[in-house]
Amino acid sequence: MKRSVRLLIVLLIAFLTGCATAGDLKRVQGDLGTKISDHDGKVAAMQTDIAALQKESAQHAEAVAGIRKKQADMGADLTDIREQLQKLWGAVEKLQKDIDELHGPAGKDFRERLDQATFKINFIENFLGIGKKEERAENREKNNKSHAKNGSKGKSDKESIYASAYELYKEGKYEKARTEFQNFIKAYTKTEYSGNAQFWIGECYYYEKSYEKAILEYEKVIKTYPEGNKVPQALLKQGLSFLQLKDKAGARLILQNIIKDYPNTSQARVARAKLLEIK
């Protein structure tokens with residue numbers, strides 16, 4: 001553009017001095033017209049690009065707003081779930097105190113049901129990442145006092161040791177809990193609590209993310225205590241451990257066996273859901 005202006009000035013000077021012709025002026029006018037037309041085309045293209053960018057920016061803003069709304073909704077849902085889980089923990093701890101006073105078959109049945117409820121709550125908390133085990137630490141002291149009182153009512157040593165280890169597990173003190181469960185099994189190899197204690201050892205390794213060790217401990221539940229109520233849960237956690245180790249083939253085989261051997265259980269429902277995820 002600047003070059004054309006300079007050329008026009010030179011030609012005008014030449015024209016004024018009598019050296020330029022009418023043809024020269026027409027050529028200059030044609031050149032200027034072409035340059036102006038090209039410039040106008042570029043401006044129009046830039047305006048189109050700007051409009052497209054503005055539209056894209058508006059779309060991005062709308063998408064971000066949608067994501068933020070979903071996050072807010074999820075936060076509200078998680079808050080509600082956390083409150084419900086806290087209520088469930090309160091009910092479980094109350095049941096624990098009541099069961100401490102029971103002995104014989106009735107006490108065993110209630111304790112097994114309590115362990116199943118605790119497993120489900122722990123599984124949900126672990127899956128959602130919203131467990132708050134530290135908030136339950138103070139409850140251990142209360143339960144210890146309750147155990148001391150119950151001791152005067154004839155509570156056995158094995159029940160006290162098992163309850164102490166289980167409290168450590170609920171607080172997330174997995175290394176200490178694992179040691180106490182192992183000591184329990186050494187002292188009481190074949191009791192109504194032994195299979196459960198072995199399962200919790202596997203759980204301690206699982207939540208420490210030592211998945212290979214967890215698989216081996218769950219296998220002991222299956223082989224050593226095949227009649228116990230923890231076998232379906234041990235199989236499920238083996239499958240989940242294989243998934244954590246990126247062994248989809250191993251996980252798929254175990255999950256399929258759970259559905260086959262324990263079709264009407266909560267573990268089978270979880271297994272079906274996981275199989276859909278890994279296909």
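Please treat every number below as a calculation from the coordinates, not as lab data. Quantities reported herein were computed from a predicted structural model and do not represent experimental measurements.
Tell me, in nm to one decimal, what length is gained between D38 and R272 on full extension, where the rule is 0.36 nm per residue of separation less the Cα-Cα distance? Walk me through the numbers before you get to the answer.
On the way: separation 234, 0.36 × 234 = 84.24 nm, distance 6.57 nm.
Extra length available between D38 and R272 comes to 77.7 nm.
Within the set K173/K209; K230/K279; K186/K223, which residue pairs have Cα atoms separated by over 21 Å?
Numbers: K173/K209 14 Å; K230/K279 27 Å; K186/K223 17 Å.
Pairs exceeding 21 Å: K230/K279.
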